[in-house]
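Trainee: Just passing along the structure, written as structure tokens.
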Amino acid sequence: MASTKPEPPDPPSIRERLLESGKILFSVHGFENTSADAIARQANTDEAQLIKHFGSKEGLLEAIFDQGWQTLDFISQAIKELPSPADKLRRLFELVLQALDRDQALKELMLFEGRRIRKAGTGSDILVTSGYLRFSAAVEQVLTDLIAGTPLSQRVSPAALTSAMIGMFESMLRDQVLARRVNFHFSSTNDEIRIIFDLIVSRLLITAGEKPISP
């Protein structure tokens with residue numbers, strides 16, 4: 001019986017090529033230093049195609065973020081069956097750590113180009129994608145469950161804890177990139193990030209169960 005060769009995969013579409021080229025060039029040169037024409041040439045097409053698919057260079061960047069967060073949307077499902085909020089919190093950040101480690105260009109974009117003010121004006125000039133908002137909401141829900149009914153819930157809001165946890169995580173990942181690109185001294189390995197994160201979660205669990213502090 002003759003063996004059948006698998007069908008070769010379809011070549012990437014123009015839109016897919018633009019997304020990949022934009023992600024790489026933005027991560028290497030930065031958003032402001034990358035022209036729409038350079039992205040189009042890297043994608044072997046023209047600037048008119050970029051405008052057709054994304055409207056502008058800003059639209060392309062937002063689409064890159066949205067695509068990146070779509071690949072991370074599985075996280076909410078992955079933590080559903082875990083037995084405790086602490087396990088969910090650890091697993092949630094671990095999956096993000098692994099995903100960004102596999103895609104360094106996306107990691108650099110999210111850390112250095114996400115939520116930046118593009119020009120003077122109102123808050124509408126700050127890029128915050130729906131994917132980031134979903135991730136933040138997932139973290140906040142886990143933290144809400146973790147401190148519910150404890151003395152800590154009377155002293156600190158889940159929103160404040162969410163800001164602190166995500167801020168620490170982003171800062172440590174950003175320093176990794178700086179260490180690689182500009183020999184920045186303050187950096188940590190992924191294992192060190194895991195250890196420090198676990199220390200904080202463990203301390204959070206202890207604090208959540210502590211007796212109220214007398215005024």
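Trainee: Only one of Leu50, Leu60 is over 30 Å from Glu192 (Cα atoms), modelled with pLDDT of 85 or more, touching a Phe, Trp or Tyr at 6+ places or on another chain (Cβ under 7 Å) and assigned to a helix (DSSP H, G or I). Can you tell me which?
Mentor: One residue alone meets the criteria, Leu60.
Trainee: Moving on. From Lys80, Lys57, grab the single residue that is in the same structural domain as Leu111 (by TED's automatic domain parsing), out of contact with any Cys (no Cβ under 8 Å at 6 or more places or on another chain) and not aliphatic (A, V, I, L, M).
Mentor: Lys80
Trainee: Taking only pairs six or more apart or across chains, which ones have beta-carbon atoms under 6 Å, a first residue in the stretch 8-23 that is among the hydrophobic types (A, V, I, L, M, F, W, C), and a second residue that is at pLDDT 95 or above and not in a helix (DSSP H, G or I)?
Mentor: From residues that are among the hydrophobic types (A, V, I, L, M, F, W, C), the pairs are Ile14/Thr45; Leu18/Ala43.
Trainee: Sticking with this structure for a sec: Considering only the stretch 71-90, state which residues are part of a helix (DSSP H, G or I) and out of contact with any helix residue (DSSP H, G or I) (no Cβ under 7 Å at 6 or more places or on another chain).
Mentor: Of everything in the stretch 71-90, those that are part of a helix (DSSP H, G or I) and out of contact with any helix residue (DSSP H, G or I) (no Cβ under 7 Å at 6 or more places or on another chain) turn out to be Phe74, Gln77, Asp87.
Trainee: Taking Ile75, is it at pLDDT below 95 and among the β-branched types (Val, Ile, Thr)?
Mentor: Spelling it out, Ile75 is indeed at pLDDT below 95 and among the β-branched types (Val, Ile, Thr).
Trainee: While we're here: From the list Ala148, Ala160, Ala164, Ala137, which one is small (Gly, Ala, Ser), modelled with pLDDT of 90 or more, over 19 Å from the mean Cα position of the chain (by Cα) and surrounded by fewer than 15 Cβ atoms within 10 Å (Cβ to Cβ)?
Mentor: Sole residue among the options that is small (Gly, Ala, Ser), modelled with pLDDT of 90 or more, over 19 Å from the mean Cα position of the chain (by Cα) and surrounded by fewer than 15 Cβ atoms within 10 Å (Cβ to Cβ): Ala148.
The values are calculated or read from the model by the stated rules, or taken from the named source; none is laboratory data. Fair warning: this is a prediction, and the values are worked out from it, not measured in the lab. Virtual Cβ from ideal backbone geometry, glycine too; neighbours counted across all protein chains shown.
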